[in-house]
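The values are calculated or read from the model by the stated rules, or taken from the named source; none is laboratory data. Keep in mind that what you see is a predicted model, and the values were worked out from it rather than measured. Neighbour counts run over all protein chains shown; Cβ positions are idealised from the backbone, glycine included.
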Amino acid sequence: MMFDFFSIIDILSFLGWFTLFAIGAFFVYQKNKSNPEFKYYYYHFYFKLFAGLGFGLVYILYYERHGDTVFYWQGAQKLNELFFDNPSAYFHELFSTPKRDIIPAYFKNVGPPPIWIYNEPNSWFVCKIANFLSFFTFGSYLVLNLFFTIISSWISWRFFRYMNKMLEIKTSFIAIACLFVPSVAFWCSGIIKDTVALSSILVLTMSLFKLIRKDYNSLFWTFVAIIISSYFLISIRPFLILASYLPMFILFVFKLNSQKPFIVRSLTRFVGIGISIIALVLYFRSDAAFGEFSANSVFETAEIIQKDMMNNAGYTGKRYDLGITEFTNANLIKVIPAALNVSLFRPYIWEAENPFMLLNGIENFLILLLTLSLFRRNKHAIPLSIDLKNYILFSLVFVFILGYFVGLTSGLFGTLVRFKAPIIPFFLLFVFHRMTENKPKKLT
């Protein structure tokens, strides 16, 4: 019922927390307003806040309370109630993996969680994360959604400041890439798996860069951040671990040996790249180590989606086809450009069939124009010529790996716009880096 989301307690608790966060943002800004970076602070805070609120309202009103986000909230509430009903069962549930199609008896008094969420460990893990925050929400979906938005906003802001410190890119461009992409703000702000995934990627990336650059304030807390963010990624989307660590490892090898003699430098880099290739081979030979994102599962899922798209007329206007008829190794390699194009630039404007997809199409069109401008500015500015010592290499490799699998497996544009969200900030950082390469940085 609608009253479950807009009761007096829901509205008052949301307004109360909203006011507290707004006051906190005001004091943070007042303390740091002399810092040129903080000219973006207020804009980002409220941009993210209203994007997160919009996300929640869309699922409550437009999708009529259906969707993962509502089920995550319900699962978190059930864990909350279980804590007060049976504390020992609560802690057992937190540190155990659910058995498929079996709801433990200790849920009898509080009622079962959403069964299909409980049956999927990756989704149930989101409920466990949300549960810790739900103790302070008075059972309100809107407040829990607000907490997810505030935390993800803080992480995005920290990522922006670190990238601004590390990269020789105009600050306004870094702000656009890290703070003001509409699709990223919308799909990675609320109670959704994508919010946790992107936040974990940003924390992991910052922490690993700090480790490589040795510019951390505390080595202990840097390792804690790496461990927690890695655990979150393994628990939610295991493949993201490979997509994050592999480019970082390659970057580390090149950075570590940059001052060594030529022979030593070449040998160790050869070994490092060899280890990376071995890691990819082991991944493609894995069956279950990466869960639903193991190589077999990914390609099987992609094949099922592809056949379903071709035979199910109900998906007309909401699908895309990479043109694969047989999922052979040769064909999977052949569609790499098409898969990357899907992840970075589609849906096109003319493929939109609702207002949300139209807005995403406009965003994709602008990203495409920025990408094409690279060739107009410098005909020789192609990705293969990039200085491998530069930290932007991580973004390029990350986009290539994750973009390929997202484009290959999403199938539906509605799913694509969510899965591609973590790719966009890193791709824009690469594009802006190429646009401003060899130009002096300006804090504007």
remark   = N341: passes all of (1) polar (S, T, N, Q); (2) in a helix (DSSP H, G or I); (3) modelled with pLDDT under 80 but (3)
Odd one out for D194, checked against (1) more than 17 Å from the chain's Cα centre (by Cα); (2) of a type in the set (D, E); (3) not assigned by TED's automatic domain parsing to the domain that holds N131 = (1)
note = Among A243, A225, the single one that is under 22 Å from F427 (Cα atoms) and in a helix (DSSP H, G or I) is A243
inquiry  = Consider the stretch 197-233. How many of its residues are farther than 21 Å from I392 by Cα, under 13 Å from the mean Cα position of the chain (by Cα) and aliphatic (A, V, I, L, M)?
reply    = 1
task = Within the stretch 355-375, count every residue that is among the polar types (S, T, N, Q) and more than 21 Å from the chain's Cα centre (by Cα).
result = 2
Odd one out for A22, checked against (1) in contact with a Leu (Cβ under 9 Å, 6 or more places away or on another chain); (2) surrounded by 15 or more Cβ atoms within 10 Å (Cβ to Cβ) = (2)
remark   = Just one listed residue, out of I386, I336, I382, is assigned by TED's automatic domain parsing to the domain that holds I401 and modelled with pLDDT of 80 or more, and it is I336
Residue within the stretch 212-232 that is crowded, with 20+ Cβ neighbours inside 10 Å and either within 21 Å of G361 (Cα to Cα) or aromatic (F, W, Y) (or both) present = yes
key: Elements of type helices (runs of 4 or more DSSP H) in the stretch 38-149, at least 1 residues being buried (at least 22 other Cβ atoms within 10 Å of the Cβ) and in contact with a helix residue (DSSP H, G or I) (Cβ under 6 Å, 6 or more places away or on another chain)   = 41-57, 68-85, 115-118, 121-134
request  = Test A330 against the stated conditions and say whether it is assigned by TED's automatic domain parsing to the domain that holds R418, small (G, A, S) and within 15 Å of L412 (Cβ to Cβ).
outcome  = no
task = Tell me, please, whether a residue that is of a type in the set (G, A, S) and not in a helix (DSSP H, G or I) can be found in the stretch 191-210.
result = no
query = So which residues in the stretch 150-160 are surrounded by 19 or more Cβ atoms within 10 Å (Cβ to Cβ) and closer than 16 Å to A225 by Cβ?
reply = S152, I155, S156, W157, F159
ask   = How do the pairs read when you match residues in the stretch 7-28 that are free of Cβ contacts under 8 Å to residues at least 24 places away in the same chain and within 15 Å of Y46 (Cβ to Cβ) with residues anywhere that are of a type outside the set (A, V, I, L, M) and buried (at least 16 other Cβ atoms within 10 Å of the Cβ), using Cβ under 6 Å and keeping only pairs 6 or more apart or on different chains?
value = A25/F45
key: Residues of the stretch 7-19 satisfying the condition of being more than 19 Å from L133 (Cα to Cα) and surrounded by 12 or more Cβ atoms within 10 Å (Cβ to Cβ)   = S7
query = Quick one: is F27 loosely packed, with under 12 Cβ neighbours inside 10 Å, farther than 30 Å from T415 by Cα, aromatic (F, W, Y) and more than 25 Å from the chain's Cα centre (by Cα)?
reply = yes
